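The values are calculated or read from the model by the stated rules, or taken from the named source; none is laboratory data. Here the structure is a predicted model, which is why all the values come from computation and not from measurement. Please note: Cβ atoms are built from the backbone with ideal geometry, for glycine as well, and neighbour counts cover all protein chains shown.
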Amino acid sequence: MAKLNLSFACWDYDRVQALMDGSVRPKGIELNFLSMPVEETFFRMMRHQEFDVAELSASSYLLARDRGFPHFTAIPVFPSRYFRHSGIYVNVEAGIRRPEELKGKRIGIPEYQLTACVWIRGFLQHEYGVHPTEAEWFYGGQETPGRVEKFKLELPADIRLQPIGPEQTLNQMLENGDLDAFIAPRAPSCFLKGSPRVKRLFEDYVSVEKDYFRKTGIFPIMHVVAIRNEILERYPWAAQNLYQAFVEAKNKVYEGFNQTAALKVTLPWLVPEVERTKQLMGDDFWPYGLEKNRAALEALVHYSHEQGLIKTKLSVEDLFVKSTLEQYTI
């Protein structure tokens, strides 16, 4: 019997490496793996549905579901997760030392609806009392001019959001002091080059992020994996088989972390770091599936709704292919 051939666009994470090299193969499926930067994958899948299976921005996926044009449905696989306290940068001359001092400030963002920005605004509001209405927001290209929102947004009237100039970049505006702060998934180049005028708001961000996890139990989800509905309609078994393969590929990474005879990852203190992570987050510290991720998913939906990005507070069960929400047991 011929296998189902599917294109799969995703970045080359270690947790999908086994799917790339063929050491894990979904039952009945042959994957044509297309490794590309996440921004390109998102753009091409959201605009043109070019791939059968693709990594997608979790925030963009929520907006698509909310607006009733989901040409694809996700499975509860989360290739990208990230604690985002490290993603807030400030111009030192703005005098911002604590998150509460972001009130009334000019903050740059590549796009208002970016998942990382949704999470950051969420914890700024709920952990530090900084409501999105209490800042001025400026969006545009981070390193090159001309970036625009993927979606036409219909935000509450009290959200002050405007584009930067057609020749401006957020990176230069931050370093020049035209912006007081900047939040994004990617660090601005001025910070990476060691500009004395820019620093992280949370300089000891690892400690802050661990405290956040202890308090909330949330490991923020950035991306999901989505399958075109045409595929799901013709081959309903494909979703479960893909889900199982993603779990198996991730488990191979865990197995590698447990090897102590030699280091599989180019980090000298990998073993103690893995041990510390397990002590805080448990053995399955990068979980797939709905129930282990319910708190994070419900928080993301809540933040997106609260910030005016989605109109309906979606049920997390309705976000995923139903057949992947339960697994058989022997």
Original post:
Can you tell me how many residues in the range 177-201 are surrounded by fewer than 17 Cβ atoms within 10 Å (Cβ to Cβ), touching a residue at least 60 places away in the same chain (Cβ under 8 Å) and not basic (Lys, Arg)?
Top reply: 4
**OP:** Tally the residues that are of a type outside the set (A, V, I, L, M), more than 23 Å from Ala58 (Cα to Cα) and either under 21 Å from the mean Cα position of the chain (by Cα) or outside the structural domain of Phe138 (by TED's automatic domain parsing) (or both), restricting the search to the range 179-204.
**Re:** 3
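Could you tell me whether the range 53-76 includes any residue that is of a type in the set (Phe, Trp, Tyr), in the same structural domain as Arg15 (by TED's automatic domain parsing) and modelled with pLDDT of 95 or more?
yes
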Subject >> Where a residue in the range 309-330 is aromatic (Phe, Trp, Tyr) and its partner, wherever it lies, is in a loop (DSSP other than H, G, I, E, B), with Cβ under 7 Å and at least six apart >> reply: Phe320/Pro76; Phe320/Leu290
Subject >> Failed item in (1) loosely packed, with under 15 Cβ neighbours inside 10 Å; (2) of a type outside the set (Gly, Ala, Ser); (3) modelled with pLDDT of 95 or more, with Pro166 passing the rest >> reply: (3)
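So which residues in the range 88-101 are under 16 Å from Pro132 (Cβ atoms) and touching a helix residue (DSSP H, G or I) at 6+ places or on another chain (Cβ under 7 Å), if there are any at all?
Scanning the range 88-101 gives Ile88, Pro99, Glu100.
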Original post:
Which condition number in (1) touching a residue at least 60 places away in the same chain (Cβ under 8 Å); (2) in contact with a helix residue (DSSP H, G or I) (Cβ under 6 Å, 6 or more places away or on another chain); (3) assigned by TED's automatic domain parsing to the domain that holds Cys190; (4) in a loop (DSSP other than H, G, I, E, B) is the one that Glu143 fails?
Top reply: (1)
Original post:
What number of residues in the range 278-306 are in contact with a Leu (Cβ under 7 Å, 6 or more places away or on another chain) and in a loop (DSSP other than H, G, I, E, B)?
Top reply: 1
Original post:
Taking the range 226-248 as the region of interest, how many residues are touching a helix residue (DSSP H, G or I) at 6+ places or on another chain (Cβ under 7 Å) and part of a strand (DSSP E or B)?
Top reply: 2
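For the range 307-330, what are the residues that are farther than 19 Å from Ala64 by Cβ and part of a helix (DSSP H, G or I)? Step through it out loud before you land on a result.
So the first thing to find is which residues in the range 307-330 are farther than 19 Å from Ala64 by Cβ, and the list is 323, 325-330.
Scanning the range 307-330 gives a single hit, Ser323.
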**OP:** Could you please tell me which pairs satisfy a Cβ distance under 8 Å, a separation of 6+ or placement on different chains, a first residue in the range 1-19 that is within 15 Å of Gln244 (Cβ to Cβ) and in the same structural domain as Glu30 (by TED's automatic domain parsing), and a second residue that is assigned to a helix (DSSP H, G or I) and of a type in the set (D, E, K, R)?
**Re:** Arg15/Lys250; Ala18/Glu248; Ala18/Lys252
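Restricting attention to the range 170-225, which residues are within 22 Å of Tyr288 (Cα to Cα) and not in a loop (DSSP other than H, G, I, E, B)?
First, the residues of the range 170-225 that are within 22 Å of Tyr288 (Cα to Cα): 185, 209-210, 212-225.
Within the range 170-225, Glu209, Lys210, Tyr212, Phe213, Arg214, Lys215, Thr216, Ile221, His223, Val224, Val225 qualify.
One residue is enough: does the range 155-164 have a residue meeting the conditions within 18 Å of Leu300 (Cβ to Cβ), assigned to a helix (DSSP H, G or I) and of a type in the set (A, V, I, L, M)?
Of the residues in the range 155-164, the ones within 18 Å of Leu300 (Cβ to Cβ) are 155.
Subsequent filtering for residues that are assigned to a helix (DSSP H, G or I) retains none.
The answer is no, given that none of the residues of the range 155-164 is within 18 Å of Leu300 (Cβ to Cβ), assigned to a helix (DSSP H, G or I) and of a type in the set (A, V, I, L, M).
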Subject >> Lone qualifier among Leu232, Leu263, Leu290, Leu300 - being surrounded by 13 or more Cβ atoms within 10 Å (Cβ to Cβ), farther than 20 Å from Tyr82 by Cα and touching a residue at least 60 places away in the same chain (Cβ under 8 Å) >> reply: Leu232
